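Beneath this line is the structure, given in structure tokens, with notes to follow.
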Amino acid sequence: AKAELDQRICYYEQEMDEAARERRAVAKDLWTAIETEGFHLAYQVQKSVTTGRTTGYEVLLRWNRPGHGPMSPADFIPIAEECGAIGAIGAWVLSAACREAAAWPEPHKIAVNVSGLQLAQFELVDMVKHVLDQTGLAPHRLELEVTETAIIADRKRALAVLSNIKALGVSIAIDDFGTGYSSLDTLRSFPFDKIKLDRSFMPEVEHDEQAKAIIRAILALGKSLSVPVLAEGVETSAQLDVLRAEGCTEAQGFLLGRPGVIDWDGMRRSA
Ligand code: C2E
Ligand code: CA
Ligand code: CA
Ligand code: CA
């Protein structure tokens, strides 16, 4: 049995080595991508539930890893955070997004995701200021999306950084709401401009009364704090119907538009 256990531990260690090697390889490719501008951006539309009008676009990072194909940011962002590349990647995303949006034919808002490690540094404030100055994007057209996990790491500092950014005229949304630990406390300690209801609620919203009750409570919370709530991950018109009936103000999801390039001509036709 001892020999068998040793062998199993050995396999386990080999697998750990393999995973660590793979992460190192991804990290190396990420650094190369930073130097060669190997990333690009996708935009996903956000719409008013009542009027159907476009309220903004979320900016989503895309990476075609050489020799491997497209890799999800959900997989490579944690590696970028681990290897220290997130600062440079975050700076690229912010400046590329603001530069692109400043050249759009319509002055829509853009929502840029910000990692917890970026939030932990006061340099983020100067970076946002610098990018706005350089690209000429009006501050009110920029929104930063932060998760509660990002704020929890160093709560005081994160909230101070956010206050300074908000003072520039940039708005702040709380992302993936309803999945964190201390949702109510976070909402109480900072004047967020938007609550983004996590997409994990959507699949059940049509037939599950409990999921509907939670959404109703979050919408009531938003209402009493005068903070608009945007529902993420809306895939069916039945889900949209429930959200509309419950008084949700904004939505985002495959039903309304997949992340991609913006078809400005198509938009003008439908406007
Ligand atoms: P997120 O901020 O929650 O972004 C929304 C994710 O949901 C996107 O995945 C989007 O493609 C996906 N999505 C949108 N509509 C639907 C829908 O109707 N159904 C389903 N099932 N999914 C939908 P994506 O682009 O793979 O990004 C994953 C995560 O990676 C993001 O989650 C965000 O946390 C992170 N991320 C993406 N871009 C950046 C970035 O520039 N910086 C940082 N720090 N993180 C980023
Ligand atoms: Ca987001
Ligand atoms: Ca989200
Ligand atoms: Ca997420």
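Every number here is computed from the coordinates shown, using simple stated rules; none is lab data. Just so it is clear, the model here is predicted, and its values are computed rather than measured. Positions of Cβ are backbone-derived with ideal geometry, glycine not excepted, and every protein chain shown enters the neighbour counts.
Here are the numbers:
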{"read-out": "Spin-label pair residue 220/residue 16, simplified geometry with 7 Å Cα→Cβ offset, distance in nm", "value": "4.8 nm"}
{"read-out": "Magnitude of the charge dipole, the chain, Cβ model with Lys/Arg +1 and Asp/Glu -1, debye to 20", "value": "880 debye"}
{"read-out": "From phi via Karplus (6.51, -1.76, 1.60), per-residue ³J(HN,Hα) for the range 95-105 in Hz, x at Gly/Pro", "value": "6, 5, 5, 5, 5, 4, 5, 5, 9, 5, x"}
{"read-out": "Cα Rg, Dmax (largest Cα-Cα span) when computed across the range 115-270, Å", "value": "16.9, 49"}
{"read-out": "Extension gain (nm, one decimal) between residue 129 and residue 7, 0.36 nm per residue minus Cα-Cα", "value": "38.3 nm"}
{"read-out": "Max mean-square fluctuation residue, GNM over the chain, Cα-Cα springs under 10 Å, options 12, 43, 57", "value": "12"}
{"read-out": "Simple spin-label estimate for residue 48 and residue 245 in nanometres, 7 Å along Cα-Cβ", "value": "2.3 nm"}
{"read-out": "Distance cut-off 20 Å, percentage of C-alpha pairs in the range 76-173 lying past it", "value": "32 percent"}
{"read-out": "Gaussian network model of the chain, Cα within-10 Å springs - most flexible of 128, 261, 59", "value": "261"}
{"read-out": "Distance in nm between pseudo-label sites at residue 32 and residue 99 (7 Å out along the Cβ direction from Cα)", "value": "2.2 nm"}
{"read-out": "For the range 54-70 versus the range 5-27, the gap between their alpha-carbon centres in whole angstrom", "value": "29 Å"}
{"read-out": "Global form of the range 1-155, assessed from the alpha-carbon gyration tensor, a/c cut-off 1.5", "value": "prolate"}
{"read-out": "Selected from 232, 250, 209 as most flexible by GNM, with the chain as the system and alpha-carbon contacts under 10 Å", "value": "209"}
{"read-out": "Mean ellipticity per residue at 222 nm, deg cm²/dmol - from DSSP H runs of n ≥ 4 across the chain, formula -39500 (n - 2.57)", "value": "-16000 deg cm²/dmol"}
{"read-out": "Restricting the range 1-93 to trypsin sites (Lys or Arg not before Pro) in coil, as DSSP defines it, with at most 11 other Cβ within 10 Å", "value": "53"}
{"read-out": "FRET efficiency for residue 140 and residue 163, using Cβ-Cβ distance with R0 set to 22 Å, rounded to 0.05", "value": "0.85"}
{"read-out": "The chain - Rg (one decimal) and Dmax (whole number), Cα, Å", "value": "20.4, 72"}
{"read-out": "Inter-part distance where the range 227-264 and the range 131-190 are each reduced to a Cα centre, Å", "value": "22 Å"}
